[in-house]
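Visitor: First the structure, then my questions, so here it is.
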Amino acid sequence: MDMVDMAIIIQDEPPECTIVQICGELDISTAPDLRERLLAILNRRKVRRLILDLSKLEFMDSSGVAVLVNTERRARLLGRTMVLVAPQRPVLRVLQVCGMANYFVIFDDISAAAVGAQADLPQPLQSE
């Protein structure tokens, strides 16, 4: 098994947004690193919305769901929002099975999430 099961790419755009693309697998071995990085972003950056791009996330277990839930709660406590973008079917299925698919605002793509962030009028993707 590779030591690197997950990659994280961070972009600060559009204004007041940070986009974090999560690639690979989010599981018990990679969740602590993601949690630390997301909390660091929320604590030090002046962002209004944290956009998590899940389009390249191939697998997520319950520890990954916990990271997403806890990050969203922390964002809310700080007066910010966190949204998810384009989860692949297996990742969306995990959210559905855990009963969390409707907990998050989920967009089809980053453009929609960014427009929703700027207009503050999110148009969430409806889970199947």
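Visitor: Mind checking which residues of the stretch 64-85 are more than 13 Å from Met100 (Cβ to Cβ) and in a helix (DSSP H, G or I)?
Guide: Within the stretch 64-85, Arg74, Ala75, Arg76, Leu77 meet the criteria.
Visitor: Do any residues in the stretch 54-71 that are in contact (Cβ under 8 Å) with a residue 12 or more places away in the chain and crowded, with 16+ Cβ neighbours inside 10 Å have Cβ atoms under 9 Å from those of residues that are polar (S, T, N, Q) and in a helix (DSSP H, G or I), where the two are at least six apart or on different chains, and which pairs are they?
Guide: none
Visitor: In addition: Filter the stretch 99-126 for residues that are part of a loop (DSSP other than H, G, I, E, B), among the hydrophobic types (A, V, I, L, M, F, W, C), at pLDDT below 90 and surrounded by fewer than 19 Cβ atoms within 10 Å (Cβ to Cβ) and give the result.
Guide: Leu121
Visitor: Something else about it: Within the stretch 6-53, how many residues turn out to be modelled with pLDDT under 90, part of a loop (DSSP other than H, G, I, E, B) and surrounded by 18 or more Cβ atoms within 10 Å (Cβ to Cβ)?
Guide: Residues flagged as modelled with pLDDT under 90, part of a loop (DSSP other than H, G, I, E, B) and surrounded by 18 or more Cβ atoms within 10 Å (Cβ to Cβ) within the stretch 6-53 amount to 1.
The values are calculated or read from the model by the stated rules, or taken from the named source; none is laboratory data. What you are looking at is a predicted structure, and each value in this text was computed from that prediction instead of being measured. Note that each Cβ is placed from the backbone with ideal geometry, even for glycine, and that neighbours are counted across all protein chains shown.
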